[in-house]
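This report refers to the structure that appears directly beneath it.
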Number of protein chains: 2
Amino acid sequence: MDKSALITQIKQKKSFLCIGLDVDLSKIPTYLLEKNDPVFEFNKQIIDATHHLTVAYKPNTAFYEAYGIKGWEALKKTIDYINKNHPEIFTIADAKRGDIGNTSTRYAKAFFEDLNFDSITVAPYMGRDSVEPFLAFKNKTTILLALTSNKGGLDFQGLETKTGEVYKEVLKTALTWKNAQNLMFVVGATKPEHFSEIRKIVPNHFLLVPGVGAQGGNLQEVCKYGLTKDCGLLINSSRSIIYAGNDTRFAEKAQQEALKIQQEMEILLDENN
Amino acid sequence: MDKSALITQIKQKKSFLCIGLDVDLSKIPTYLLEKNDPVFEFNKQIIDATHHLTVAYKPNTAFYEAYGIKGWEALKKTIDYINKNHPEIFTIADAKRGDIGNTSTRYAKAFFEDLNFDSITVAPYMGRDSVEPFLAFKNKTTILLALTSNKGGLDFQGLETKTGEVYKEVLKTALTWKNAQNLMFVVGATKPEHFSEIRKIVPNHFLLVPGVGAQGGNLQEVCKYGLTKDCGLLINSSRSIIYAGNDTRFAEKAQQEALKIQQEMEILLDENN
């Protein structure tokens with residue numbers, strides 16, 4: 001999927017919501033545990049109930065790897081289900097991969113070709129030749145970690161260098177890489193005051209913003225500094241949507257939560273235009 | 001496996017070699033492609049031929065993920081085969097994972113419990129709470145990327161901060177984390193001149209050193225600055241060993257290459273004591 005298709009979708013759905021499919025068997029309704037593939041069954045119901053309110057789904061691979069081969073099967077079934085039934089949706093493998101050149105190409109093939117995700121999150125620590133292999137794929141997006149929403153995020157991302165904090169160097173440097181137009185950046189919502197400075201460096205790139213909802217980030221604050229004329233934001237919410245309910249009506253509860261956020265987004269998009 | 005068991009193994013085998021099991025179907029002998037699981041078959045023969053010369057095996061997960069669910073099955077069979085037949089061997093999942101706290105715990109469970117690796121490589125970019133969940137596992141080792149051997153390694157790792165380059169900050173800071181005794185560090189062999197400075201910061205921790213062999217690093221240079229009284233080094237070689245041959249005798253050729261390195265290591269260990 002290219003950027004313009006994502007923007008079209010945002011305009012149609014009046015939403016820039018991304019739902020994180022981070023399935024934890026200890027948190028899903030217990031009746032699902034009797035199913036053949038509880039993880040996929042859970043995802044399928046969430047997707048069926050929310051696909052018109054969200055523009056992206058983001059499974060975090062850790063939650064699937066934790067269930068071994070069965071987990072990978074559930075991940076594959078989930079992405080296949082989305083691609084088949086809702087091809088307009090932008091899919092994100094939240095994998096935070098990154099390795100030396102040839103090896104990054106392997107990861108890119110795994111997620112872009114074998115699983116057919118539209119995008120993958122990538123860690124920048126190993127530099128240019130660890131990221132460019134992902135950027136080389138046409139119509140695929142590489143979402144580079146810049147400023148993360150967790151407590152330790154600033155341990156190294158916030159270190160002052162001669163020309164600014166490390167995360168700013170990551171943003172600036174990544175823009176010089178080949179196919180930088182295929183980049184998005186992860187910027188955590190828990191630090192909205194950083195958004196205006198980040199927008200000075202990357203005025204047009206999309207930002208994937210985790211941390212709204214369960215992690216305490218504020219949607220309006222983020223939009224105030226982060227929105228561009230093309231929206232330019234994907235706001236991720238995982239737990240507060242997918243675990244809104246815990247019984248047979250969990251998907252309906254998830255839909256209600258997603259709708260609340262979509263309605264808030266609709267107002268913010270209207271104000272932005 | 002704890003550190004003392006690894007040191008015992010190094011003394012017994014007079015080796016501190018780690019063999020990278022990075023299996024590429026386009027590089028293995030073609031007759032193996034007819035087997036039911038060519039990746040595992042290749043690994044099994046390499047392991048049978050080299051286990052007495054090496055103290056560690058390190059499959060890079062990218063090479064397995066690239067083959068989808070079959071790849072994960074091959075990875076599981078490989079680690080199970082090592083753990084069953086050569087339980088003295090130190091196993092490394094070269095996965096370069098790292099995510100926010102709860103999610104890192106999932107990765108740790110996937111690799112330490114489900115797959116039962118002794119260790120995993122972890123990227124430091126997200127800071128303390130992305131790494132400590134790995135460190136919390138008893139008798140398991142977390143191998144943190146510090147200075148990597150690839151061309152772009154210095155893009156961010158080499159940025160000057162007020163108190164030293166980023167990779168030195170990673171080393172210093174990681175030592176303050178809970179269960180820091182469970183850490184090793186990745187330090188690339190292509191920059192041996194950095195080893196003496198690194199040893200000032202981490203005088204006793206084991207270093208996992210890729211980049212000897214195909215990537216051009218020099219074993220003697222690395223040892224000159226990197227060896228400790230307990231050895232303190234694991235030198236990884238992948239391609240130059242496992243692809244030494246390309247016919248039915250590939251395992252024998254791999255053994256010959258491993259033996260050459262082991263003999264060089266034996267001399268270096270003798271000189272060190």
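In this structure, does A:LEU33 turn out to be at pLDDT 95 or above, open to solvent by 50 Å² or more (accessible area, probe 1.4 Å) and outside any helix (DSSP H, G or I)?
no
Tell me which residues, restricted to region B:59-72, are within 18 Å of the chain's Cα centre (by Cα) and open to solvent by 10 Å² or more (accessible area, probe 1.4 Å).
Of everything in region B:59-72, just one residue is within 18 Å of the chain's Cα centre (by Cα) and open to solvent by 10 Å² or more (accessible area, probe 1.4 Å), namely B:PHE63.
Among the residues of region A:94-103, count how many are surrounded by fewer than 24 Cβ atoms within 10 Å (Cβ to Cβ) and either in contact with a Ser or Thr (Cβ under 8 Å, 6 or more places away or on another chain) or under 19 Å from A:MET184 (Cα atoms) (or both).
Result for region A:94-103: 1.
Does A:PHE206 satisfy the condition of being more than 21 Å from B:ARG128 (Cα to Cα), out of contact with any Cys (no Cβ under 7 Å at 6 or more places or on another chain) and at pLDDT 95 or above?
For A:PHE206, the condition - more than 21 Å from B:ARG128 (Cα to Cα), out of contact with any Cys (no Cβ under 7 Å at 6 or more places or on another chain) and at pLDDT 95 or above - is met.
Filter region B:73-93 down to the residues that are open to solvent by less than 10 Å² (accessible area, probe 1.4 Å) and over 16 Å from B:LYS44 (Cβ atoms), then identify the one that is nearest to the chain's Cα centre (by Cα).
The extreme case among them is B:ILE92.
Any idea which residue in region B:116-171 is most open to solvent (accessible area, probe 1.4 Å), counting only those that are in contact with a Ser or Thr (Cβ under 8 Å, 6 or more places away or on another chain) and basic (Lys, Arg)?
Among those residues, the one meeting the criterion is B:ARG128.
Within region A:81-120, count every residue that is touching an Asp or Glu at 6+ places or on another chain (Cβ under 6 Å), within 9 Å of chain B (Cβ to nearest Cβ) and touching a residue at least 24 places away in the same chain (Cβ under 8 Å).
Selection size over region A:81-120: 2.
Counting only residues that are of a type in the set (Asp, Glu), closer than 23 Å to B:GLY211 by Cβ and more than 10 Å from chain A (Cβ to nearest Cβ), how many does region B:49-80 have?
Here the count works out to 0.
The values are calculated or read from the model by the stated rules, or taken from the named source; none is laboratory data. Please read all numbers here as calculations on a predicted model, not as lab measurements. Because the Cβ atoms are built from the backbone with ideal geometry, glycine has one as well, and the counts that use them run over all protein chains shown. SASA here: full protein model, heavy atoms, side chains in, ligands and nucleic acids out. Shrake-Rupley method; radii C 1.70, N 1.55, O 1.52, S 1.80 Å.
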